[in-house]
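A.B. asks: Once you've had a glance at the structure underneath, I'll fire off some questions.
The values are calculated or read from the model by the stated rules, or taken from the named source; none is laboratory data. A quick note: this is a predicted structure, and the numbers were derived from the prediction, not measured. No Cβ is skipped: glycine too gets one built from the backbone with ideal geometry, and neighbour counts run over all protein chains shown. Heavy atoms of the whole protein, side chains included, go into the accessibility calculation; ligands, DNA and RNA do not. Shrake-Rupley method; radii C 1.70, N 1.55, O 1.52, S 1.80 Å.
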Amino acid sequence: MNKDIQTPPSSTLGMLGGGQLGGFFAEAALKMGYKVAVWDPSENAPAKRFATHKFNAPFDDAEILDKFVSVVDAVSLEWENVPVELVEAIQLKKPTRPGSRSLGLAQNRTIEKQFLKDNGFPLAQYQVIYSAKDLSGLDQELPWIVKTATMGYDGHGQWRISSTSEKDEVNSPIAGEGPWVVEQVVPFDMELSVVVARGIDGTSITYPATENIHENGILRMSVCPARIDPSIELSARHLAEEVINAIGEPGVFCVELFLVHPSKILVNEIAPRPHNSGHHTIDSFSISQYEHQVRTLCGLSIAQPRRIGNTVLLNVLGEEASVLSSIETTNLILKTGRARIYMYGKESVRPGRKMGHIIFSGENIGVLEKEALEALAIISRR
Ligand code: ATP
Ligand code: MG
């Protein structure tokens, strides 16, 4: 579809996927005067709380595809496992940003790694295997992480191998369909992420690098700005922007990075959508990552957002959400005036599922971090 098409307010924007990222997109779009059509198989998907049109069907439903395309003026996505074929079909008829190129890269780790390697971007050493048996023949230095090529998220579909004997232990879990990426464990000092917004004219902006702290492969806390040397921060932003320029599609993206002592930066993966570590941009930037997603989708101006303050984000995972259904606990967290609670309205709770997040915003990161850790102790009853 014509790369230059612009979509004015009062039009209807389609969103593929109905999770919390789609919900924040819909809120930003509604504020700007757009309507939002959300397509997600689940009737109660979080983004549907803000949808003006709801499509509750699997992504391979051809009839719904026709209806969706007839209702929407432009389409974006919030989940990287939307079928590429669906996006290919939609983008023939309506501007779709990002499009099938970004999606195809991000949803298959082997293609993503090859793309990064072909373009000369720094990344962890890796090999691709097609059967668990291939593990025994690998000559990479241990430890490794074996990662499924498709459908992985929040550390699901990953196995760490620290010793030769553990190679046999993962044989049965990884006996399903390959291929897998076997990646060397990176002894990083810090994990970083950079959100990049790229407009239809090819110009781009980056948000400051965010410092991410994971627990069991799931993002637990993010600190913005990352507590690193300013020159490293600039290099991280530059690298992320180069990666997105190499893809060349408009949209909002996030590039996840590893910072290895003292200043080496490796690319971990690319998300073709706003990112959990960028939720704070709603509270602490003049333009949020979600508003930028609307702008890049509609061909509006993108602009370097102004930072209003520092933030620490705390994810609310699984059963922790139930603690926040009490007034007392909620008030304990809210009383400082620096915390804002965002809950996604998910009905079913699974261990580790992202149910909401709390943003602590202010100036002194030490204070914000302390409050976030206190809130973590409350919600996790540690
Ligand atoms: P998500 O979609 O939630 O970002 P994912 O399941 O797609 O996650 P990764 O981002 O590749 O997978 O890995 C999840 C986390 O596991 C990383 O953020 C990091 O903490 C750890 N990890 C992944 N690869 C490596 C590596 N090569 N070395 C060290 N740690 C790693
Ligand atoms: Mg990741």
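A.B. asks: Could you list, in sequence order, the residues of the range 128-163 that are within 9 Å of ligand 1 (Cβ to nearest atom) and over 17 Å from Phe188 (Cα atoms)? Even if it seems obvious, please write down each step before you answer.
C.D. replies: Taking the range 128-163 and keeping what is within 9 Å of ligand 1 (Cβ to nearest atom), we get 143-145, 147-148, 152-158, 160.
The answer is Lys147, Thr148, Gly152, Tyr153, Asp154, His156, Gly157, Gln158.
A.B. asks: Being over 18 Å from Gly202 (Cα atoms) and open to solvent by 10 Å² or more (accessible area, probe 1.4 Å) is the filter; apply it to the range 271-283 and report the residue that is farthest from ligand 2 (Cβ to nearest atom).
C.D. replies: Here the answer is Asp283.
A.B. asks: Residues Gly345, Gly337: which one is within 21 Å of the chain's Cα centre (by Cα), on the phi > 0 side of the Ramachandran plot and of a type in the set (Gly, Ala, Ser)? Talk me through it step by step, then tell me what you get.
C.D. replies: Values: Gly337 fails: within 21 Å of the chain's Cα centre (by Cα).
Among Gly345, Gly337, only Gly345 is within 21 Å of the chain's Cα centre (by Cα), on the phi > 0 side of the Ramachandran plot and of a type in the set (Gly, Ala, Ser).
A.B. asks: Take the residues in the range 162-191 that are at pLDDT 95 or above and charged (D, E, K, R), then tell me which one is farthest from Leu257 (Cα to Cα).
C.D. replies: Glu183
A.B. asks: For Asp189, state whether it is within 16 Å of ligand 1 (Cβ to nearest atom), surrounded by fewer than 18 Cβ atoms within 10 Å (Cβ to Cβ) and on the phi < 0 side of the Ramachandran plot.
C.D. replies: On the way: within 16 Å of ligand 1 (Cβ to nearest atom): yes; surrounded by fewer than 18 Cβ atoms within 10 Å (Cβ to Cβ): yes; on the phi < 0 side of the Ramachandran plot: yes.
Spelling it out, Asp189 is indeed within 16 Å of ligand 1 (Cβ to nearest atom), surrounded by fewer than 18 Cβ atoms within 10 Å (Cβ to Cβ) and on the phi < 0 side of the Ramachandran plot.
A.B. asks: Could you list, in sequence order, the residues of the range 58-88 that are buried (at least 16 other Cβ atoms within 10 Å of the Cβ) and among the small types (Gly, Ala, Ser)?
C.D. replies: Ala74, Ser76
A.B. asks: Are there helices (runs of 4 or more DSSP H) fully within the range 284-382 with at least 1 residues that are β-branched (Val, Ile, Thr) and open to solvent by 40 Å² or more (accessible area, probe 1.4 Å)? List them.
C.D. replies: The qualifying helices (runs of 4 or more DSSP H) are 327-334, 365-380.
A.B. asks: Restricting attention to the range 214-233, which residues are closer than 20 Å to Pro262 by Cβ and not aliphatic (A, V, I, L, M)?
C.D. replies: First pass over the range 214-233, keeping only residues closer than 20 Å to Pro262 by Cβ: 223, 225-233.
Listed by number, the residues that qualify are Pro225, Arg227, Asp229, Pro230, Ser231, Glu233.
A.B. asks: Is it true that Glu374 is acidic (Asp, Glu) and in contact with a helix residue (DSSP H, G or I) (Cβ under 9 Å, 6 or more places away or on another chain)?
C.D. replies: On the way: acidic (Asp, Glu): yes; in contact with a helix residue (DSSP H, G or I) (Cβ under 9 Å, 6 or more places away or on another chain): yes.
Yes.
A.B. asks: Let me ask something else about it. Residues that are within 30 Å of Val316 (Cα to Cα) and out of contact with any Gly (no Cβ under 9 Å at 6 or more places or on another chain): list the strands (runs of 3 or more DSSP E) wholly contained in the range 103-199 that include at least 2 such residues. Step through it out loud before you land on a result.
C.D. replies: On the way: elements: 126-129, 144-148, 158-161, 180-184, 190-198.
The qualifying strands (runs of 3 or more DSSP E) are 144-148, 158-161, 180-184, 190-198.
A.B. asks: Restricting the search to the range 99-114, which residues are away from ligand 1 (no atom under 16 Å from the Cβ) and buried (at least 22 other Cβ atoms within 10 Å of the Cβ)?
C.D. replies: Hit for the range 99-114 is Gly99, nothing else.
A.B. asks: Would you mention how many residues in the range 39-57 are buried (at least 19 other Cβ atoms within 10 Å of the Cβ) and part of a helix (DSSP H, G or I)?
C.D. replies: Number of matching residues: 4.
A.B. asks: Does the range 235-257 contain at least one residue that is farther than 23 Å from Ser102 by Cβ, surrounded by 21 or more Cβ atoms within 10 Å (Cβ to Cβ) and away from ligand 1 (no atom under 16 Å from the Cβ)?
C.D. replies: Scanning the range 235-257, I find no residue that is farther than 23 Å from Ser102 by Cβ, surrounded by 21 or more Cβ atoms within 10 Å (Cβ to Cβ) and away from ligand 1 (no atom under 16 Å from the Cβ), so the answer is no.
A.B. asks: Got a number for residues in the range 205-228 being part of a strand (DSSP E or B) and open to solvent by less than 30 Å² (accessible area, probe 1.4 Å)? Can you show your working first?
C.D. replies: Here is the first cut: in the range 205-228, the ones part of a strand (DSSP E or B) are 205-206, 210-215, 218-224.
Okay, now just the ones that are also open to solvent by less than 30 Å² (accessible area, probe 1.4 Å), so 205-206, 210-212, 218-224.
The qualifying residues number 12.
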